[in-house]
Each structure stands twice: as structure tokens, then as C-alpha cells.
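**Student:** One structure is given below, represented as C-alpha cells, and several questions about it will come after.
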Amino acid sequence: MKSVLVLIAPPRGEPLDDAIVAAVGDSLKEHGAAPEAPRWLGPRRACEIPFSGLAPPEAEAAAKIVLGDRCFDFAALPALGRRKKLLVADMDSTILEGETLDDLADFAGLKAQVAAITARAMNGEIEYRESLRARVALLKGLGDDALEKTFARAQLNPGAATLVASMRAQGAYTLLVSSGFRFFTGRVRALAGFDADIGNDLEIADGKLTGRVVEPILDKDVKRRTLVETVGRRGLALSETLAVGDGANDVPMIQAAGLGVAFRPKPAVAAAASVVIRHADLTALLYLQGYADEDFAG
């Protein structure tokens, strides 16, 4: 079966060049692969090397010998079926820079305390639903105007809008699935161009947060179930899906998807994912699917 090894450089930092790509191709050959001529997807940014005769994990190990600890991302993938028809994406620290709940807590003077709980939850050290209840409880009495102020500070991660627009231009359905709050997911859906969004709800009374989350809480199991149910509704196969996230509550959907990507992930998430993007921006997910710069939209 033919595979492809995708090499991706970070937006800022050491670029890819012909010498690096050639050295990786030689390493593939030395380890028993039959590499073909490389195809540049983006000048000095991304290149793919088709190959056969070697399993993807072994190909990645051969690339690692050449690339070492240099700030390049790479992944070996099946050559067939690379362009996915469904994108399911986490919001906080994936599509958005930072965590909206942590930023909301800043208006209560509790950002450090809340962020510490968030970090533990995202690395899988504590159960997510309980961590969410505990963090929101700390915000009891905060005025709901802080929600709009928090969103005013929010920024998309580089490449987010291009990722969504490019996949939609090729007919893919795009879904934002977050354990954060729908106040933010609806606005981020519009900002990034997603087709739809789902998230949790904060309880608000008399213009203030009550310190409670509306039950039931959308967690890792709901994220995975949403992926699977959307596949069924749209008549797709799981192999036609791409899921991306950074936290422990994203792992089940990442592992269920045809292409599951851990994006700048917490350590526990990186260990659980087969594809990890640590250095590049979100356009890396387009390169992984075989999109070239001229295919990008938005």
C-alpha cells in the first residue's frame, strides 16, 4: 500500500529545503522504503514524499533520525482517502488561542486559580466534568457582561479560518465541538466560518453567573458521540473524518476519526494521538490532507 510522508515547517523558524527533503528520502530508502519524487505543497513550508515498502510508524522513525529535535512536524499517512469530508474541531487552545474560561476568570481576579485547574483537566489528571463545575463555581456572582468582554479579547489561532474555508470549499462539513460555552462557540463558529457548533451552557440569573453549569455537561464522550452521529447523519465513513484538539477530553474523538490530530497538545494527549502538530499552525491540517498552497481558500 502506498503511503506519503508529509514534512511541515513552522511559520517562523527554520524552513524546509531540498537538502532536508533529500536526506529524509535517503533515510526512508536506507530503512527499506521505495520513496518517489517529492511534491512541494508550499515553498519552504511543506513537502510530501510518496513511498511504499515501509509501515508509517517505521517511516516516521526514519524521518526522526534526520530531523532530530529540529522544529519540523511530520506524519506518515495512507496515500488514499486523504481529503476528509468532515472536520470536527475543539475550540479552546485549538481553534482559539487560549482558554475562554480562564480568560473569563480574569475578570473575577481568579485567572491563575482557574487556569491551574484547567491545565490539570486538559492533561487528564482530573475528571473533566468535575473540573468544569469547580471552575465555574468560583465565578459565582460575576456579571454576565464579562462574557462579551472575554470574547472581545479572543483571537483565532493562525490558520484556523483558512483550514475551515478550504475544507468547506471542497465540500466538507465543519463542526465546532467544545466543552466550553455556547456563548463563545456560536461567536467563534461565525468568526472562523464553521457550519455548526455545540457547547455547554452557563447558568445566568439577574445578569450574573450563578456558579453552575447547565446539565448535562458536554464532555469527552459527547464529543466522540457527536463525531460518530454526524458521520451517520451525513452518510460518511469514519475514515472520511478529521478531528483535532489539544486536551484530554479530545482524545476519544481524535482516536475515532480517520485522521486524528493532536494540535500543540498537552503531554498525555500527544502520547495518545497518532499525529501530533507541535510547531506549525492549523494550515498543517491541510498539508496533511494533500492540499497545496494554491488550494487554500479564505
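**Student:** Relative to the present Cα-Cα distance, how much length would full extension add between R83 and D144 at 0.36 nm per residue of separation? Working shown, then result.
**Tutor:** On the way: separation 61, 0.36 × 61 = 21.96 nm, distance 4.11 nm.
Between R83 and D144, full extension yields 17.8 nm more.
**Student:** Ok, one more. Each residue of the stretch 66-80 in order: what ³J(HN,Hα) in whole Hz does its phi give by Karplus 6.51 cos²θ - 1.76 cosθ + 1.60, θ = phi - 60°, with x for Gly and Pro?
**Tutor:** With the stated coefficients, the stretch 66-80 comes to 7, 7, x, 9, 5, 7, 10, 9, 7, 7, 9, 9, x, 6, 8 Hz.
**Student:** Please report the Cα spread of the stretch 42-87 along all three principal axes, rounded to whole Å, starting with the longest.
**Tutor:** 33, 27, 18
**Student:** What FRET efficiency would be calculated for the residue pair Q155, D295, taking the C-beta separation as r and a Förster radius of 22 Å, to the nearest 0.05?
**Tutor:** 0.30
**Student:** Direction-averaged shadow area of the convex hull around the Cα atoms of the stretch 43-135, nm²?
**Tutor:** So the mean shadow area of the Cα hull is 9.8 nm².
**Student:** I would also like to ask the following. Please report the antiparallel percentage of the DSSP beta bridges confined to the chain, to the nearest 5.
**Tutor:** If I count the DSSP bridges inside the chain, around 50 percent turn out antiparallel.
**Student:** Okay, next question. With 5 Å bins from zero, work out the P(r) of the stretch 202-242 over every alpha carbon pair and list the percent per bin.
**Tutor:** Each 5 Å bin holds this share of Cα pairs: 5, 19, 18, 13, 11, 10, 10, 8, 5, 0.
**Student:** Calculate I(q)/I(0) for the stretch 20-68 by the Debye formula, one identical point scatterer on each C-alpha and no solvent, and give its log10 at q = 0.23 Å⁻¹ to two decimals.
**Tutor:** -0.79
**Student:** Given points 7 Å out from each Cα along the Cα-Cβ axis, report the A37 to A19 separation in nanometres with one decimal.
**Tutor:** Result: 2.3 nm between the two label points.
**Student:** Just in the stretch 137-216: which trypsin sites (Lys or Arg not before Pro) are loop by DSSP and have at most 13 other Cβ atoms within 10 Å? If you can, show how the numbers build up before the last one.
**Tutor:** Details: sites: K140, K149, R153, R168, R182, R187, R189, K208, R212; in loops: K140.
Here the sparse-neighbourhood loop sites are K140.
**Student:** Using helices alone, what [θ] at 222 nm do you get for the chain, with -39,500 (n - 2.57) per DSSP H run of 4 or more residues, divided over all residues and rounded to the nearest 500?
**Tutor:** About -11000 deg cm²/dmol.
**Student:** Please count, across the chain, the pairs of lysine residues with Cα atoms under 15 Å apart that sit 8 or more places apart or on different chains. Don't jump to the answer; show the numbers that get you there.
**Tutor:** Working: K2/K29; K29/K64; K111/K140; K111/K149; K140/K208; K149/K208.
The result is 6.
**Student:** Also, quick follow-up: What fraction, in whole percent, of alpha-carbon pairs in the chain exceed 35 Å separation?
**Tutor:** Summing the P(r) tail past 35 Å for the chain gives 22 percent.
**Student:** Sticking with this one: Starting from the 7 Å offset along Cα-to-Cβ, what nm value, one decimal, do you get for the label separation of D206 and A271?
**Tutor:** Between D206 and A271, the label points sit 4.7 nm apart.
Laboratory data are not the source of any read-out in this text; all were calculated from the coordinates shown. All of these numbers come straight from a predicted model, not from anything done at the bench. FYI the Cβ positions are ideal-geometry reconstructions off the backbone, even for glycines, and counts take in every protein chain you see.
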